[in-house]
Amino acid sequence: MQQSAFYENDTPLAQYLEFHFGERWHGEANFPKALADAAMDAMDGRPLERALDIGCACGRTSFELARYFRHVDGIDFSNAFVGKCREMARDKLVRYARPEEGELVSHQERTLASLGLEEAAGRVAFHQGDACNLEPRFTGYGLVLAGNLIDRLYQPSRFLTTIHERINELGLLVIASPYTWLEEYTPRDQWVGGFKKNGEDFFTFDGMAEMLAPHFRLLVEPRSLPFVIRETRNKFQHSFSELTVWEKVSR
Ligand SMILES: C[S@@+](CC[C@H](N)C(=O)[O-])C[C@H]1O[C@@H](n2cnc3c(N)ncnc32)[C@H](O)[C@@H]1O
């Protein structure tokens, strides 16, 4: 183990690099890959032309989708994340200082080749962008995937009520979220659910269904995908993300 000052000391980035490209923890599958696999199951014979991974963080889901799609765009708000994604696509490897205990870190290196993703990297482009205010050029997708994103948006309703403009007819919107609303990320009046409405429990699924109803139908029953984020060698977050798949339909 090394002193962290020796390496770039960016804890959230290192945690996400471990989450995307690192080891499996507590018996759970790699979440960003499982998400791409679930989206591919849902595609079920639809054209595999263009996909968008919105809120891509370190890019694992984008790379996984590029095994199958002709082109994948990965977009994230964070310049640091997008920079790492581009570095990985270019160098085919990433190095990071994984937090272990206190100031101690371990030096990790992951390659795309070890994950069978070297060739797919040529079909992915990473961009800095805002899910609530996407540039017009990001359109014409057969699949838009938003993994653990909506409860981190400053205005999720804007994403949910405009994303149909970017999806082809009969294309899919795949959303996964643990619905952990925090005012730190999303002002209380922008939460999609998780509160009482007219005296009744109003869940995020209900809020999403209302916002998506004009342009989408729910394709399969929602299901839960587990994920584990390793903070240090002794501290892990074990969460569950609800996976919902929506098909764009003309009404
Ligand atoms: C909880 S992380 C999940 C990342 C990744 N999809 C995954 O499953 O590991 C949420 C990501 O959304 C990004 N994000 C937050 N607000 C955003 C916005 N307005 N537009 C695009 N990305 C955003 C963050 O930078 C972060 O990378």
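Read the figures in this text as sums done on the coordinates, not as results from a lab. Please read all numbers here as calculations on a predicted model, not as lab measurements. Here the Cβ is made from the backbone with ideal geometry for all residues, glycine too, and neighbour counts use every protein chain on show.
What to note about this one:
- For Lys235 and Asp189, a Förster radius of 45 Å and the Cβ-Cβ distance give a FRET efficiency of 0.85, rounded to the nearest 0.05.
- Enclosed volume per residue, in Å³, of the convex hull spanned by Cα atoms of region 54-154: 118 Å³
- Membrane-span-like helices in the chain, defined here as complete DSSP H runs extending at least 27 Å along the helix axis by their C-alpha atoms with mean Kyte-Doolittle hydropathy no lower than 1.0, are absent; this is a sequence and geometry rule, not a statement about a membrane.
- Furthest towards positive pole of dipole, Leu35, Ala121, Gly102, structure part region 14-157, Cβ charges: Ala121
- Across all directions, the average flat footprint of the convex hull enclosing the Cα atoms of region 156-251 is 7.9 nm².
- For region 98-108, Karplus couplings with θ = phi - 60° (6.51, -1.76, 1.60), whole Hz, Gly/Pro x: 7, x, 10, 6, x, 8, 7, 10, 10, 8, 10
- Mean separation of Cα pairs under 8 Å and 6 or more residues apart, divided by the residue count, gives region 72-211 a relative contact order of 20 percent.
- Measuring between their Cα centroids, region 164-182 and region 87-163 lie 16 Å from each other.
- Computed over the alpha-carbon atoms, the chain gives an Rg to Rh ratio of 0.97, Rh here being the Kirkwood radius from the mean inverse distance.
- For the listed residue pairs Lys33/Lys196; Lys84/Lys248; Lys33/Lys197; Lys33/Lys92, the alpha carbons are over 28 angstrom apart in Lys33/Lys196; Lys84/Lys248; Lys33/Lys197.
- For region 129-191, a crude dipole built from +1 on the beta carbon of Lys and Arg and -1 on the beta carbon of Asp and Glu, taken about the Cα centre, is about 100 debye to the nearest 20.
- Within the straight-line cut-off of under 12 Å between alpha carbons, the aspartates and glutamates reachable from Lys235 are Glu100, Glu101, sequence neighbours fewer than 8 places apart in one chain being disregarded.
- Close amide H pairs (under 5 Å, H built 1.01 Å from N) link Gly74 with Asp53, Ala125, Phe126, His127, residues at least 5 positions away or on another chain.
- Listed residue (Ala213, Asn234, Trp246) projecting farthest to the positive dipole end of region 204-246, Cβ model: Asn234
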